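S.K.: Below are the structure tokens for one structure; questions will follow.
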């Protein structure tokens, strides 16, 4: 009898900013994946090297160089990880240095929302023979569970704020603007746009003071290959600084980076953290 084929354990990482690429690389290495990575100068953290066999450092936006580096490292299955701040598109000089292919993609798309831009890059990679893997499949152990995650369960007021903010977050995701909404006592304080989640939370604190609920969810049509919502210690620090009281995250789609440290930070600050499923109600 023929033996079943052994799964190819080689995997290429395209690593943006934040702690997610670092933790994901360590997790995948422990699970036996043979990792190579493309990282970006001035964006990706230097700690990425732990667990990665080989890393190529490039300027952000050099698509042709990225594809060539991946071929030289002999990987054709890819996982996209981490943040690429959209504000970089508007810098005259800095981290981004788009090549002709990147400029062509930008010119071809009138929609420069996160999903549209990432989808264009994903399609470009697939056209060149690369397979993109789903974040929620390879990183399933990092996904938020349903129910209370920290020591404190949400109050009725915080649950009511989720009920108000959830349809707003859903609409925000439908139009590809952001993933985070902040609500206090039934009033929407802030919506995420180009500034990112942490800055949105800080702005909500400036506008509404203490006691708000932060809601983060994936867009209804979110491509599971990239850009799932992610939270971590930095999210809790932003919530504490804004004097917000709760964090509601979509269960089964939100990645928790360094779960033990995040929960510990939330418990110390008295912040309620819980996972919800939109189809189960708030």
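Values in this text are rule-based calculations from the coordinates and carry no lab data. This is a predicted model, so every value here is computed, not measured. Cβ atoms come from the backbone with ideal geometry, glycine included; neighbour counts cover every protein chain shown.
S.K.: What single numbered condition from (1) buried (at least 19 other Cβ atoms within 10 Å of the Cβ); (2) closer than 21 Å to residue 95 by Cβ; (3) in contact (Cβ under 8 Å) with a residue 60 or more places away in the chain fails to hold for residue 67?
M.R.: All conditions are met except number (1).
S.K.: Which residue, of 278, 220, is in contact with a helix residue (DSSP H, G or I) (Cβ under 7 Å, 6 or more places away or on another chain) and within 16 Å of residue 147 (Cβ to Cβ)?
M.R.: 278
S.K.: How many of the residues in region 140-154 are farther than 15 Å from residue 231 by Cα, in contact with a strand residue (DSSP E or B) (Cβ under 7 Å, 6 or more places away or on another chain) and surrounded by 14 or more Cβ atoms within 10 Å (Cβ to Cβ)?
M.R.: Qualifying residue count for the region: 3.
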